[in-house]
Amino acid sequence: MKSVVLCASPRRDGNSRMLAEAFAEGARAAGGSAELVDLNEVTSGLLRDCRSCRGPDGRCSIEDGYEELMLETLLPADAWIYATPLYYYGIAASLKNFFDRLVCYASASYPRFEEVAEKTRGKRSALLISAEESNQAACLAVVNQTQELSRYLQHQFVGVVTGIGNTRGEVRFDPAEPLVAAANLGRTVFSAHHSDYNMDSERSNAVWPEARSGDEGSGIYEDV
Ligand SMILES: Cc1cc2nc3c(=O)[nH]c(=O)nc-3n(C[C@H](O)[C@H](O)[C@H](O)COP(=O)(O)O)c2cc1C
């Protein structure tokens, strides 16, 4: 199983990169593969007006590595991981631009839209954030945006690791050990429990198999 980690910081030796590398180590330790992509290297153009920008064949005409990233790297992968610094309580611009330019591929005007939609569905996703402030609310918008996008793309969003640090690599001194958490997320990204119920979802009332004795029911949720 392959994870692609989209690294959004312009600092190649920065904190979010360090989290991304820890994630990749964990993924490899679990027998998977992981590729780190530096978004600032691969994409340069911002989203423009698609009406003037799409070529006659419906393809985006912005000349950079986005299309290759999408078709050759991201569509075949099993998980998309976002690694971003917190910038003014939001994601870094290169990641926002990556999100914005999805529209060039995830819309019917793109000739290979059906293929993109088919291959995009069903992946897993996760988020790695580095920030100076430890205030829990500071990163909420980033988590919310990434999780909503995951829902839109029909990805299962399975985890968030936040590392606190400001100078390059400082995140390794965070006593909460976000590098350990990132490696653990890498190890478990495909095995982690994921649930997102509706009120009439059929399930056992006990979440974990070890907790099931047989009288939890296995239909619509009942009193426990
Ligand atoms: C433009 C800019 C905006 C930032 N805004 C915030 C912020 O709102 N909150 C915060 O906690 N840290 C903020 N920071 C600090 C970074 O999130 C922090 O240094 C992070 O570790 C950088 O990650 P990197 O090493 O991967 O580049 C900002 C840094 C920059 C350069």
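Got at least one residue in region 8-23 being open to solvent by less than 20 Å² (accessible area, probe 1.4 Å) and more than 16 Å from the ligand (Cβ to nearest atom)? So far as region 8-23 goes, no, none of its residues is open to solvent by less than 20 Å² (accessible area, probe 1.4 Å) and more than 16 Å from the ligand (Cβ to nearest atom). Would you please name the residue that is least open to solvent (accessible area, probe 1.4 Å), looking only at residues in region 113-123 that are in a loop (DSSP other than H, G, I, E, B) and touching a helix residue (DSSP H, G or I) at 6+ places or on another chain (Cβ under 8 Å)? Applying the filter and picking the extreme gives Lys123. In region 37-60, what count of residues is obtained for those that are part of a strand (DSSP E or B) and either in contact with an Asp or Glu (Cβ under 7 Å, 6 or more places away or on another chain) or away from the ligand (no atom under 16 Å from the Cβ) (or both)? Number of matching residues: 2. Residues of region 24-36 that are open to solvent by 40 Å² or more (accessible area, probe 1.4 Å) and not in a loop (DSSP other than H, G, I, E, B): Glu25, Arg28, Ala29, Ser33, Glu35, Leu36. Kindly list, by first and then second residue, each pair from a residue in region 192-208 that is in the same structural domain as Ser218 (by TED's automatic domain parsing) to a residue that is of a type in the set (S, T, N, Q) and part of a loop (DSSP other than H, G, I, E, B), limited to pairs with Cβ atoms under 6 Å and residues at least 6 apart or on different chains. Cβ pairs passing all conditions: Ser204/Ser218. Residues that are touching a Phe, Trp or Tyr at 6+ places or on another chain (Cβ under 8 Å) and either buried (at least 22 other Cβ atoms within 10 Å of the Cβ) or not in a loop (DSSP other than H, G, I, E, B) (or both) within region 68-97 comprise Met70, Leu74, Ala79, Ile81, Ala83, Ile91, Ala93, Leu95, listed in sequence order. Taking the options Val224, Val180, name whichever one is of a type in the set (Val, Ile, Thr) and either in contact with a Gly (Cβ under 6 Å, 6 or more places away or on another chain) or open to solvent by less than 90 Å² (accessible area, probe 1.4 Å) (or both). Within the list Val224, Val180, the selection yields Val180. Taking Ala126 as the residue in question, decide whether it is buried (at least 16 other Cβ atoms within 10 Å of the Cβ), at pLDDT below 95 and outside any helix (DSSP H, G or I). Taking the combined requirement at face value, the residue does not satisfy it.
Take the conditions (1) out of contact with any Gly (no Cβ under 7 Å at 6 or more places or on another chain); (2) assigned to a helix (DSSP H, G or I); (3) not basic (Lys, Arg); Met18 misses just one of them, which is (1).
Residues of region 136-180 that are within 16 Å of the ligand (Cβ to nearest atom), closer than 16 Å to Ala126 by Cβ and in a strand (DSSP E or B): Val160, Val161, Thr162, Gly163.
Please state which one of Arg168, Arg203, Arg212 is of a type outside the set (Phe, Trp, Tyr), closer than 29 Å to Tyr89 by Cα and more than 21 Å from the chain's Cα centre (by Cα). Don't jump to the end; show me each part of the working.
On the way: Arg203 fails: closer than 29 Å to Tyr89 by Cα; Arg212 fails: closer than 29 Å to Tyr89 by Cα.
Exactly one residue qualifies, and that residue is Arg168.
The values are calculated or read from the model by the stated rules, or taken from the named source; none is laboratory data. None of the values given here were measured: they were computed from a predicted structure. Positions of Cβ are backbone-derived with ideal geometry, glycine not excepted, and every protein chain shown enters the neighbour counts. The accessibility values were calculated without ligands, DNA or RNA, using every heavy atom of the protein model including side chains. Shrake-Rupley method; radii C 1.70, N 1.55, O 1.52, S 1.80 Å.
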